[in-house]
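Single-structure report; data block below.
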Amino acid sequence: MIDKNTKGEVWVYAEIQDGALQNVSLELTGKARKLADTLGVAVGVVLAGNNVAPLADKLIAHGADQVYLVEDKVLADYRTDPYTHVFVELVKKYRPQIVLFGATPLGRDLAPRVASATKSGLTADCTDLEISDVTEKNGTVHPNLLLQVRPAFGGNIVATIVNYDQWPQMATVREGVMPLGDANPSRKGNVVKESIPLADPVLFAVEVLKREVEKRRLNLGGAKIIVAGGAGVGSKENFDALFELAEALGGEVGASRAAIDNGFIPPEHQIGQTGTTVRPALYIACGISGAIQHRSGMEGSAKIIAINTDREAPIFAIAHYGIVGDVKQVVPMLLQAFRERS
């Protein structure tokens, strides 16, 4: 555990897949930059793997001051125990006050183990992070704590969690909730090379025999165009038109929780507080009323087109363009118009 009076850095774990930095790590590096500026400290990023040194420049360009580089051939593939050991040793040595991970399958595997080993608190699946003073009921003031915001009770409320005592303050953060800022190639930073022994056989209880990557069938987080449907679509069969429009536009199909609950489409398509957060260039909301739980997951879209029979639907308040009409009539017309122009 780290003394809460530390002036340690704000850290991010740099997640790598197939030799490439994941966007969530760059999003978090940009957010860490803002948090660190508020605290008056530096941003550190942990970059572990094999032959990953060239990625350090990209992290620095997105806001890192220090990149803690650990390279070893045994880190070529992610394995829980070696990566946990590396991260914990770095935390013990450099004593950061905040550590952020992406709420990805890998981040969700690594973060709780690091938190347990360092006797730290961990808030999972955050959608926002801020720095603020916090006052307890007894009047005790805790300056400059990390406010960790996440949905709770199925997205019906938003909880703000603070960690008074067990540091570093740690959180996993959803992909897409933080904007991916522009890189600044002229930024300067330091690459700190670390050598951490990885000879202990206990670290290698799991051996990677073969690695097969299944092709991703749905990529809402990375989609530039999303056609999303809600309860107003009416049925599973009516979603076929949305899939047809999305395919023609080169996009993906999303959905509100109401559409999921009605069985119109599988849960992996859900967008919102309890689903995926997205920021596409174009978001077409079809038969979606615009409940706050859904809006929080898509209102960062560059352009929003809303289609709804109810002209008072909340979705129109955030839409750039609104169409008052029946989805079953409007979507085929949009598809026909697009095909004619193409």
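For the range 114-126, the count of residues that are assigned to a loop (DSSP other than H, G, I, E, B) and without any contact (Cβ under 8 Å) to a residue 60 or more places away in the chain is at least one.
Beta carbons closer than 6 Å, at least 6 apart along the sequence or on distinct chains, pair a first residue in the range 267-293 that is over 10 Å from R257 (Cβ atoms) with a second that is of a type in the set (K, R) and surrounded by fewer than 24 Cβ atoms within 10 Å (Cβ to Cβ) for P280/K224; A281/K224; L282/K303. Assess whether A103 counts as being open to solvent by less than 20 Å² (accessible area, probe 1.4 Å), out of contact with any Phe, Trp or Tyr (no Cβ under 7 Å at 6 or more places or on another chain) and among the small types (G, A, S). For A103, the condition - open to solvent by less than 20 Å² (accessible area, probe 1.4 Å), out of contact with any Phe, Trp or Tyr (no Cβ under 7 Å at 6 or more places or on another chain) and among the small types (G, A, S) - is met. Restricted to the range 125-139, and to residues there that are open to solvent by less than 50 Å² (accessible area, probe 1.4 Å) and either out of contact with any Leu (no Cβ under 9 Å at 6 or more places or on another chain) or among the hydroxyl-bearing types (S, T, Y) (or both), the residue that is modelled with the lowest pLDDT is G139. Given the condition open to solvent by 10 Å² or more (accessible area, probe 1.4 Å) and of a type in the set (G, A, S), answer yes or no: does some residue in the range 303-314 qualify? Scanning the range 303-314 turns up no residue that is open to solvent by 10 Å² or more (accessible area, probe 1.4 Å) and of a type in the set (G, A, S).
Considering the range 7-94, the qualifying strands (runs of 3 or more DSSP E), each wholly inside and each with 1 or more residues that are of a type in the set (S, T, Y) and modelled with pLDDT of 95 or more, run over 10-13, 66-71. Residues considered: L180, L218, L198. Of these, the only one that is modelled with pLDDT of 75 or more, in a loop (DSSP other than H, G, I, E, B) and more than 26 Å from the chain's Cα centre (by Cα) is L198. A search for C-beta distances below 6 Å between a residue of the range 75-88 that is farther than 21 Å from E212 by Cα and any residue that is open to solvent by 10 Å² or more (accessible area, probe 1.4 Å) and of a type outside the set (V, I, T), counting only pairs 6+ apart in sequence or on different chains, returns T84/R113; H85/L203; V88/A117.
With respect to the conditions (1) in contact with a His (Cβ under 8 Å, 6 or more places away or on another chain); (2) open to solvent by 50 Å² or more (accessible area, probe 1.4 Å), G272 falls short on a single one, namely (2). Of everything in the range 247-257 that is modelled with pLDDT of 95 or more and of a type in the set (A, V, I, L, M), the residue that is surrounded by the most Cβ atoms within 10 Å (Cβ to Cβ) is A255.
Mind listing whichever residues of the range 140-176 are at pLDDT 85 or above, assigned to a loop (DSSP other than H, G, I, E, B) and either exposed (fewer than 13 other Cβ atoms within 10 Å of the Cβ) or among the aliphatic types (A, V, I, L, M) (or both)? Selection gives T140, V162.
The values are calculated or read from the model by the stated rules, or taken from the named source; none is laboratory data. On a predicted model such as this, the values are computed, not experimentally measured, just so you know. Cβ: placed from backbone, ideal geometry, glycine included. Neighbour counts: every protein chain shown. To get the accessible areas, we keep the full protein, side chains included, count just its heavy atoms, and leave off ligands, DNA and RNA. Shrake-Rupley method; radii C 1.70, N 1.55, O 1.52, S 1.80 Å.
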